[in-house]
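Comments concern the structure below.
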Amino acid sequence: MSLLVLQLPSHPRLHPSRADQPVGSAAASVAELSYVLSSDGHRVEDSGRAAPALLPGRNRGTTSVVAVLSDGALGWQRITCPKAAPARMRAALVGVLEENLLDDADTVHLALQPDPRPGEAAWVATTDRAWLAAQLQALEQAGLVVDRVVPGAVPADGVDSPSSLHAQTPAEAQPGSPSSASDKHQLHLTWSHAEGVTHWPAEGTLARRLLPLPLPAGTRLSATPAAAAAAQAWLGQSVQIENSTERLLAAAASTWNLRQFELAPRHRGAATLREAQRQFLSPTWRPVRWGLVGLLLVQLVGLNAWAWMQKSQLQSRREAMTALLRNTHPQVRAILDAPVQMQRETETLRASAGRAGDSDLEVLLQTAASAWPENLAVQTLRFEAGQLTLSANGLGPDQIGRLRDSLRPGGWLVEGADNRLTLRRLPAGAAGSPSVAPRQP
């Protein structure tokens, strides 16, 4: 599945020149968005800036869309995860965070960290609900369904995610905001640490007071190409170059999803299917996909081999029946249906030898007599086409049932009603009948 990562513009409140724009409307969205298109989530297939309606991959049914918030668009709160049902989790979070929120709880969007455990410490991300809803609505109007919204930077959690300091220019720190020529000489710092994520300009002395110096051991230092020289001069040490494309892909790989509670996708079933498809087509599941392909190939080869063996055995049996017919009845020249021709020739030999067959009157009478009830006289007898019909007064259902049970193991069918009984040979292969009829003496 392809991955389309979008960088959402910064909140108007974060830039003075846009502070008078309506926050809760789609008009607050910029005309163009920075994007990265990747086929596997690691390699960049395409990148740049484009209007939402012109973004590449937007018409592909297998493209997962991830929107990334700027570093300063989120607030972070460390809480003890409350024990509440999913339907009441937001109300529980509001109850825990109410005193720490700067705005009214109804205007703030809350998002809980992935896989939180009740009773344990957890992070909650906060942002302007109306602004984020307007961004998602503007993208949906352009035909883009955002599967996930992820933060650009998340708090450090120890060994797996050490502290990091990233430097970028104001235009990169606040996407979509107007920039000037002097911006390339300025810095915005994003400090991700165990106590949250903070974002501030590097001008003045406030940044050095907020940043712990010396930096903790293992801190990862990075900067965009445009800010690398200024960042190295400000920090007094080298930094790793990380462009915006790499940072967007790294953010998209996060397990966070800010589309929770009121901003959760409306079509949950379709969203769940898309998320399952995205995960199945992700690089993590590549061994499973190869295993399924291998299993399918093995099954296909096995079925073809089994079909070939069955066909070979069937052909061998047909050749054996043909050979048996030629050896037993050499006078038969053209063999069209060996079993039928064998039966016909055998019947011809039996008739010429004067021996009774299973469908002759003598055999039917002998069979009926072997199980006929004592002291029950036969009134009428009728024989036609291998079928014997007998009638007798007092021949009830009980006697007919006993006759049926007695003769069926020998391959005979007994039917009767109204003092009348019909006896004939069961068809070959019927339940209870032998595959070869017993030879009569």
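The values are calculated or read from the model by the stated rules, or taken from the named source; none is laboratory data. On a predicted model such as this, the values are computed, not experimentally measured, just so you know. No Cβ is skipped: glycine too gets one built from the backbone with ideal geometry, and neighbour counts run over all protein chains shown. For accessibility, only protein heavy atoms count, side chains too; no ligands or nucleic acids. Shrake-Rupley method; radii C 1.70, N 1.55, O 1.52, S 1.80 Å.
For THR255, the conditions (1) open to solvent by 70 Å² or more (accessible area, probe 1.4 Å); (2) of a type in the set (Ser, Thr, Tyr); (3) within 15 Å of VAL44 (Cβ to Cβ) are fulfilled apart from (3).
Taking region 153-195 as the range and being part of a loop (DSSP other than H, G, I, E, B), at pLDDT below 85 and in contact with a helix residue (DSSP H, G or I) (Cβ under 9 Å, 6 or more places away or on another chain) as the test, the residues that pass are GLN174, PRO175, GLY176, SER177, PRO178, SER179, SER180, GLN186. Suppose we keep only residues that are open to solvent by 40 Å² or more (accessible area, probe 1.4 Å) and at pLDDT 85 or above within region 418-434. Which one would you say is nearest to the chain's Cα centre (by Cα)? Across region 418-434, the extreme among qualifying residues is ARG424. Residues in region 217-234 that are in a helix (DSSP H, G or I) and either open to solvent by less than 40 Å² (accessible area, probe 1.4 Å) or in contact (Cβ under 8 Å) with a residue 24 or more places away in the chain (or both): ALA226, ALA227, ALA228, ALA230, ALA231, TRP234. Within region 366-379, the set of residues being open to solvent by 70 Å² or more (accessible area, probe 1.4 Å) and assigned to a helix (DSSP H, G or I) comprises GLN366, ALA369, SER370.
Among residues of region 84-110 that are in contact (Cβ under 8 Å) with a residue 24 or more places away in the chain, those with a Cβ under 9 angstrom from a residue that is among the charged types (D, E, K, R) and open to solvent by 60 Å² or more (accessible area, probe 1.4 Å), sequence gap 6+ or separate chain, pair up as ARG90/GLU262; HIS109/GLU262. Answer yes or no as to whether VAL65 is open to solvent by less than 50 Å² (accessible area, probe 1.4 Å) and in a loop (DSSP other than H, G, I, E, B). The answer is no for VAL65. With respect to the conditions (1) open to solvent by less than 50 Å² (accessible area, probe 1.4 Å); (2) in a helix (DSSP H, G or I); (3) in contact with a His (Cβ under 8 Å, 6 or more places away or on another chain), GLU262 falls short on a single one, namely (1). Contact annotation: no residue pair with Cβ atoms under 6 Å, 6 or more positions apart or on different chains, pairs a residue in region 202-214 that is assigned to a loop (DSSP other than H, G, I, E, B) with a partner that is at pLDDT below 85. Per this entry, ALA105 is not counted among residues that are out of contact with any His (no Cβ under 6 Å at 6 or more places or on another chain), among the small types (Gly, Ala, Ser) and within 18 Å of GLN7 (Cβ to Cβ).
For region 137-152, a residue qualifies if it is among the hydrophobic types (A, V, I, L, M, F, W, C) and at pLDDT 90 or above, and the qualifying residues are VAL149, VAL150. Scanning region 380-388 turns up one or more residues that are more than 60 Å from the chain's Cα centre (by Cα), surrounded by 13 or more Cβ atoms within 10 Å (Cβ to Cβ) and assigned to a loop (DSSP other than H, G, I, E, B). Could you tell me which residue of region 68-103 is modelled with the lowest pLDDT, considering only residues that are of a type outside the set (D, E, K, R), open to solvent by 60 Å² or more (accessible area, probe 1.4 Å) and farther than 23 Å from PRO12 by Cβ? Ranking the candidates gives ASN100 first. The set of residues in region 400-417 being open to solvent by 40 Å² or more (accessible area, probe 1.4 Å) and either in contact (Cβ under 8 Å) with a residue 40 or more places away in the chain or assigned to a helix (DSSP H, G or I) (or both) consists of ARG402, ARG404, ASP405, SER406, ARG408, PRO409. Of the residues making up region 113-127, those that are buried (at least 19 other Cβ atoms within 10 Å of the Cβ) and either at pLDDT below 90 or over 18 Å from ARG148 (Cβ atoms) (or both) number 1. Condition first: more than 18 Å from VAL5 (Cβ to Cβ), open to solvent by 20 Å² or more (accessible area, probe 1.4 Å) and aliphatic (A, V, I, L, M). Now tell me which residues in region 128-145 satisfy that. Answer for region 128-145, where residues must be more than 18 Å from VAL5 (Cβ to Cβ), open to solvent by 20 Å² or more (accessible area, probe 1.4 Å) and aliphatic (A, V, I, L, M): ALA130, ALA133. Among the residues of region 326-361, just one is closer than 24 Å to GLN387 by Cβ, surrounded by 12 or more Cβ atoms within 10 Å (Cβ to Cβ) and β-branched (Val, Ile, Thr), namely THR346. ASN419 fulfils the conditions (1) of a type in the set (S, T, N, Q); (2) under 29 Å from ALA351 (Cα atoms); (3) touching a strand residue (DSSP E or B) at 6+ places or on another chain (Cβ under 7 Å) except for a single criterion, (2).
Check region 204-216 and report whether any residue there is open to solvent by less than 50 Å² (accessible area, probe 1.4 Å) and either modelled with pLDDT of 90 or more or of a type in the set (Gly, Ala, Ser) (or both). For region 204-216, residues open to solvent by less than 50 Å² (accessible area, probe 1.4 Å) and either modelled with pLDDT of 90 or more or of a type in the set (Gly, Ala, Ser) (or both): present.
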